[in-house]
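S.K.: Quick one: the structure is below, questions incoming.
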Amino acid sequence: MNLEQLSRREFLVGTGALAAAEPFPTTAIAADNRKSKKSAPRQISFKEAQADISLRQQYINQFVTKEFENDASKYFQDIIYDHDKSMVAKASVTDISKVLGDPAELEVTINHYLNDPQFRKLPEQEKDAMRIRLRASEEARDELKKYLELRNKKKLEVISKSAALVLHYSDRWGMQAKSTLYVFGDAFKDIVLRANVPKSLTQQEQITIPIKYPSTEELLRSRLQHEYTHAQDKFHGITINRELTISGSNVNDFDPAVLVFVEETRGYLRQIEFIREKFGTAHSAYAVSFKAFIDHMSEEESRSIISRFKGGKLTPHEERFVRYQIDQISAKTPQVLRFVQY
């Protein structure tokens, strides 16, 4: 669910994607591979890792390497088990005082701020005037501080809802830069979904009941397929055809919310297709992933993108990308669009 573009992939980083995280000095994949050449380590099962927190890092290293083979080291610079999400929070949340006190980082922040949708249509002359004011005025610094505080809040909201996610340098789209994969303690917890059912056979009134689904390795596999999609997209950029591309040369032309919509719908479609092909729609992982996709599409930000799309309020390139993604959802998971009353 990347943080520069604020919201699960603002984490993705972007909304999908996030502010760029510091690179981690160790590489779990490479370390694990070196060990395996000396002596094959005992393979940890999902159930063992679920029962023993101390085994989870080793389990995830083995699991990701087995699941993605050589692509694991190609797309992930590091794999981190972050039980309470404290490490990803530290890596992704902006140090506001440091940013505002460093001329280079301040300039980057000003550029991000001026790329906000509210300023996109301003003439360049007015943007240049704003840049001068933002550099020099203490009052303007307070404006930037509030902007950064809001970004941090959104990033933490994304983290709180996630079982796994990737962090990526937001300014290296399509430049073959690797992502850092985080897997959280929530990935090993059972899931409780809520469903509305008739109160009785003779009454139309409905009540909400909890339905518990077990956490399984199959669900974890599907979630990591989702994150793997994000890592691939960040590494290569997104190319559907000649007219539909997102790369380092044009990523800043996209409204961050549109970018998140594209990234997240791609991630969820891959996640759901993976379960359907490998385990079938009767598997509990399908119900959990399907519900997560519906919840994402029901969020205010996703609804806003669809509303702007219908109202012709996106740029032509954004409109083509959103149309393509909606067509993909309609073809592969049409029930999702019916649930969100598209």
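The values are calculated or read from the model by the stated rules, or taken from the named source; none is laboratory data. Since we're looking at a predicted model, the values are computed, not measured. No Cβ is skipped: glycine too gets one built from the backbone with ideal geometry, and neighbour counts run over all protein chains shown.
S.K.: Please go through region 278-315 and give me each residue that is at pLDDT below 90 and part of a helix (DSSP H, G or I), ordered by number.
M.R.: Of everything in region 278-315, those that are at pLDDT below 90 and part of a helix (DSSP H, G or I) turn out to be 300, 301.
S.K.: Follow-up. If you check every pair at least six apart or on different chains, which have Cβ atoms under 6 Å apart with a residue in region 297-315 that is buried (at least 18 other Cβ atoms within 10 Å of the Cβ) first and a residue that is at pLDDT 90 or above and in a loop (DSSP other than H, G, I, E, B) second?
M.R.: That search, which allows pairs on different chains as well, returns 308/314.
S.K.: Got a sec? Which of 322, 336 is over 30 Å from residue 217 (Cβ atoms) and within 22 Å of the chain's Cα centre (by Cα)?
M.R.: 322
S.K.: Please count how many residues of region 201-249 are buried (at least 16 other Cβ atoms within 10 Å of the Cβ) and basic (Lys, Arg).
M.R.: 3
S.K.: Also, I was wondering about something else. Out of all the residues in region 30-62, which are part of a helix (DSSP H, G or I) and modelled with pLDDT under 95?
M.R.: 30, 31, 32, 33, 34, 35, 36, 37, 38
S.K.: When you check residue 137 against the structure, is it modelled with pLDDT of 85 or more and either within 24 Å of the chain's Cα centre (by Cα) or small (Gly, Ala, Ser) (or both), yes or no?
M.R.: Criteria not met by residue 137.
Residue by residue, here is whether (1) not small (Gly, Ala, Ser); (2) not in a helix (DSSP H, G or I) holds:
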| position | (1), (2) |
| --- | --- |
| 78 | yes, yes |
| 84 | yes, yes |
| 89 | no, no |
| 108 | yes, no |
| 118 | yes, no |
| 127 | yes, no |
| 134 | yes, no |
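S.K.: Quick check on residue 289: is it of a type in the set (S, T, N, Q), closer than 18 Å to residue 191 by Cβ and crowded, with 16+ Cβ neighbours inside 10 Å?
M.R.: So residue 289 fits the description; yes.
S.K.: Also, I was wondering about something else. Residues of region 140-188 being in a helix (DSSP H, G or I) and of a type in the set (Asp, Glu), which ones?
M.R.: Step one: filter region 140-188 for residues in a helix (DSSP H, G or I), giving 140-161, 185-188.
Within region 140-188, 142, 143, 149, 157, 186 meet the criteria.
S.K.: Considering 257, 231, 287, which residue is closer than 24 Å to residue 161 by Cα and in contact with a Pro (Cβ under 8 Å, 6 or more places away or on another chain)?
M.R.: Values: 231 fails: in contact with a Pro (Cβ under 8 Å, 6 or more places away or on another chain); 287 fails: in contact with a Pro (Cβ under 8 Å, 6 or more places away or on another chain).
When all the criteria are applied, what remains is 257.
S.K.: Something else now. I'd like to know if region 259-275 contains one or more residues that are of a type in the set (Val, Ile, Thr), under 13 Å from the mean Cα position of the chain (by Cα) and at pLDDT below 95.
M.R.: Checking region 259-275: at least one residue is of a type in the set (Val, Ile, Thr), under 13 Å from the mean Cα position of the chain (by Cα) and at pLDDT below 95.
Yes/no per residue for (1) under 19 Å from residue 81 (Cα atoms); (2) among the charged types (D, E, K, R); (3) at pLDDT 95 or above; (4) within 20 Å of the chain's Cα centre (by Cα):
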site	(1), (2), (3), (4)
198	no, no, no, no
203	no, no, no, no
209	no, no, no, no
217	yes, yes, yes, no
224	yes, no, yes, yes
228	yes, no, yes, yes
241	no, no, no, no
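S.K.: While we're here: Check region 250-257 and report whether any residue there is surrounded by fewer than 18 Cβ atoms within 10 Å (Cβ to Cβ) and in a helix (DSSP H, G or I).
M.R.: yes
S.K.: Still on this model: Can you pull out the residues in region 153-183 that are at pLDDT 90 or above and either among the acidic types (Asp, Glu) or over 28 Å from residue 249 (Cβ atoms) (or both)?
M.R.: Listed by number, the residues that qualify are 153, 156, 157, 159, 160, 161, 162, 163, 164, 182, 183.
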